[in-house]
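Remarks on the structure that follows.
Please treat every number below as a calculation from the coordinates, not as lab data. Computed from a predicted structure; not experimentally measured. Here the Cβ is made from the backbone with ideal geometry for all residues, glycine too, and neighbour counts use every protein chain on show.
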Amino acid sequence: MASSISEQLTQALPLLAVGAGQTLAISLLAILFATLGGVAYGVLAQQGGRLVRGLLRLYLELFRVVPVLVWLYLIFFGLPIFFGLDMPAFWCAVLVLALWGASEVGEVVRGGLNSLARGQQEAGLALGLSTWQLYRHVLLPQALQRLTPPTINIYTRIIKTSSLAVLIGVVEVIKVGQQIIERTYGSLLIYGLLFLFFFLVCYPLSLASRRLEQQWGNAV
Amino acid sequence: MTPLLELGSVSKQFGPNLVLDRISLSVRAGEVIVILGPSGCGKSTLLRTLNGLEPIQGGEIRFDGVLLDGATDWQRVRQRIGMVFQSYHLFPNLTVLENVLLGPLQVQKRERAEALLQAEQLLTRIGLWERRHDYPRQLSGGQQRIAIVRALCMNPQVMLFDEVTAALDPEMVQEVLEVIRDLAGSGMTLLIVTHELAFARAVADRIVFMDGGHILEQAAPHQFFDNPRSQRARQFLAKFSYTNVIKRKESA
């Protein structure tokens, strides 16, 4: 029963690695879709008409005021009931995190584009740039520099929040940890490892965000 | 000869404010027009209607005989009517050279080698070719002249200058005005909004004086400055010569 720590480790680590793989897969997919969706949101929020902006606002508020956990339950249990759609828990988690992340990234992108002086837009138009060229060469690159630090912070929040997926039955790193603890009672060791895992994934991001902020802070 | 630019009764409103009230003006090719007037008289707005940055609510604008309206391909027109702004608006994410080449390469789809040659000539002329790989923030001055080169590299027929020296340090003003004077001498059509009265007098073929959204006077420079017809123009000139005196006293 009371096996040595090194034995516990050799048993736990491979299992935890599989769970960590799931956590990272969910997070990376969610981050990817959140980024794409967020850029689309930001551009639409600036360019779109009243109706589009109203819908985006509604979407944003829904994700702001309703906890991510509630969204997870709603999608996971609601889709089969209301739409007869049976989506695996893994993809439910990706979907919810991506939608939530996109609303957060989108607001950052919108704010960044708005903060670029209107003059940049007019200077681009006056040169004869099309809307697409204006965004591609002038507005988005400038927005990107301003937005990267806050966006990276959102990424770390997505990674951390992915742990909620355990509650709809996704076997990710925390679930694996709990399973090991149930069998070995080595809770301190396992939670220590989980702590280390999230720290090692998120701290470099946090560091990079701060670096870029300093580096680009006075660039634009 | 048909005028290059012709405005017929152009009106522009911002909400309830009538900023341009039935403005009519015709500009011949090669003419240098300086638009003067107190702040808020609509002179900047007038320039901005000419390249579609401000849509108009009444009247018509013709460029080279063609009506400019909601259906106009403004991207095409803007390649022929360049504009330079008060706070230059260089793109901070691009180097000097990239700023200048963006329009020629992306909008006009010109050969890089050919556009580069023109950029070199223009930047050399203003003495900033050596700084071509710098970003705008790395320059201590010359941003406005680069903005002018950026517009010129599109080979426009008309250039619009919107108070381009108003935000500059005094020592930079001269350099920018010289570039514009060279352009005026080269036969390009220019519409210039400025508060530099001495410059206006030296460079203009015609002064257009605006107040309250109207054109009150159009005259040759010597006529306008020596014998302004309207009361408003006389007040305007008196006020400016007064502030010029103050300025000179301060700098002395």
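Details
- Gyration tensor verdict on the range B:125-252 (Cα atoms; rounded if a/c is under 1.5, prolate if a/b is larger than b/c, oblate otherwise): oblate
- Unit charges at the beta carbon, dipole of the protein assembly as shown: most positive-side option, B:VAL208, B:ASN227, A:VAL94: B:ASN227
- Kyte-Doolittle mean at least 0.0 and Cα axial length at least 15 Å: DSSP H helices in chain A: A:5-47, A:50-65, A:89-115, A:173-184, A:187-216
- Relative packing of B:49-57, A:19-27, B:215-223, which averages over residues the other C-beta atoms within 10 Å, highest first: A:19-27, B:49-57, B:215-223
- For the residues of A:126-136, the average number of beta carbons from a partner chain within 10 Å of their own beta carbon is 6.
- Note on B:HIS195 and A:LEU85: their simple-model spin labels are 5.9 nm apart, each label 7 Å out from Cα toward Cβ.
- Sum of -39500 (n - 2.57) over DSSP H runs of 4+, divided by residues of chain A (222 nm, nearest 500): -27000 deg cm²/dmol
- For the Cα trace of the protein assembly as shown, dividing Rg by the Kirkwood Rh returns an Rg/Rh value of 1.15.
- Pairs of Lys residues in the range B:5-251 that lie 8 or more places apart, or on two chains, and have C-alpha atoms under 27 angstrom apart add up to 5.
- For chain A, the square roots of the Cα gyration tensor eigenvalues, ordered a ≥ b ≥ c, give a/c of at least 1.5 with a/b no greater than b/c, which places it in the oblate category.
- On the principal axes of its alpha carbon atoms, the range A:119-184 extends 69, 19, 13 Å, with the longest extent given first.
- The value of relative contact order for the range B:92-240, using C-alpha pairs under 8 Å at least six residues apart, is 17 percent.
- For peptide B:107-115, the mean count of partner chain Cβ atoms within 10 Å of a residue's Cβ comes to 1.
- Among B:LEU237, A:GLY112, A:VAL65 - extreme Cα towards positive end, dipole of the protein assembly as shown, charges at beta-carbon: B:LEU237
- Net charge dipole size for the protein assembly as shown [Lys, Arg +1 and Asp, Glu -1 on Cβ; Debye, nearest 20]: 440
- Here chain B is treated with +1 on each Lys and Arg Cβ and -1 on each Asp and Glu Cβ, and its dipole about the Cα centre works out to around 260 debye.
- The range B:5-251: Rg to Rh, with Rh as the Kirkwood radius over Cα pairs: 0.97
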